[in-house]
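To start, the structure itself, in structure tokens.
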């Protein structure tokens, strides 16, 4: 996923639909960036394909140069009807937080998976 | 192109259906020959006034058509003579659904099989003529079978809490359904399929 100038750290690994996913993007090496973004998304995985099935707009965490060791907090809200995490014999439906640095050359990206539980029974 | 069923019972059923499809094709071929004989020799005999030729056409053509009809009756798909419904119509993982079978024929149903099935469909990349192409394969992620004797009744199924939920995606889909099958000897089994939506 490109050079690892950033990594994503989540405060908690398990959430319910509608909850807020909190964490931070940690910069591992100083980079002259235009912007730093983060988004939460749901991805379908088959043996040979991976497709995002949500279209949640990203948030801008920072602009300009990112110093090594700095952290940028985020709070991203899961949809109320978020599909629960699912693993089957040939596929998976997973949620992840993706962060990426818009910089000259190849953008740096990082991701962290999270578990989304099924809605509580009414 | 899709991969076929993966369990033993499903493979046996698929083999039976394959045999029935071959019977159906054979019936069509025999019917074609029968009509050809009837038309060519029957009309020809009529035109030249040859009663023997006409008789040949009727007997041989008729035999082909009768055999074709018999094969067609064996090979055609038929529905189970019963009203089948699932309650509730949309299930939930960790919950229970009931399959209610009410015979509609006076003769009853005899022994029937009821299956709760989850089919997983997933996209793969395959080589074809030197190019990579996308194909969809399918496999039964879950199947639970019950046998019902004496014609009609209620069969209850528990949906595992960890089973897939119904989903229609771009590269991954899960379809749930109930299949009721009435096994028949030397004929295609009668079958009825009721779709089911399973919520997360």
Unique match (being part of a strand (DSSP E or B) and either farther than 13 Å from residue B:116 by Cα or within 13 Å of chain A (Cβ to nearest Cβ) (or both)) among B:184, B:191
B:191
Identify, from the list B:120, B:179, B:113, B:102, the residue that is within 14 Å of chain A (Cβ to nearest Cβ) and in contact (Cβ under 8 Å) with a residue 40 or more places away in the chain.
B:120
Determine whether region B:141-158 contains at least one residue that is surrounded by 18 or more Cβ atoms within 10 Å (Cβ to Cβ), in contact (Cβ under 8 Å) with a residue 40 or more places away in the chain, within 14 Å of chain A (Cβ to nearest Cβ) and under 28 Å from residue B:79 (Cβ atoms).
no
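Quick one: is residue B:100 surrounded by 14 or more Cβ atoms within 10 Å (Cβ to Cβ), in the same structural domain as residue B:156 (by TED's automatic domain parsing) and over 27 Å from residue B:168 (Cβ atoms)? Working first, answer last.
Numbers: surrounded by 14 or more Cβ atoms within 10 Å (Cβ to Cβ): yes; in the same structural domain as residue B:156 (by TED's automatic domain parsing): yes; over 27 Å from residue B:168 (Cβ atoms): no.
For residue B:100, the condition - surrounded by 14 or more Cβ atoms within 10 Å (Cβ to Cβ), in the same structural domain as residue B:156 (by TED's automatic domain parsing) and over 27 Å from residue B:168 (Cβ atoms) - is not met.
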If a residue counts only when it is out of contact with any strand residue (DSSP E or B) (no Cβ under 8 Å at 6 or more places or on another chain) and either modelled with pLDDT under 95 or on the phi > 0 side of the Ramachandran plot (or both), which strands (runs of 3 or more DSSP E) contained entirely in region B:79-173 have at least 1 such residues?
B:112-128, B:131-148
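The values are calculated or read from the model by the stated rules, or taken from the named source; none is laboratory data. These figures come from a predicted structure and were not determined experimentally. Cβ coordinates were reconstructed from backbone atoms using ideal geometry, including for glycine residues, and neighbour counts include every protein chain displayed.
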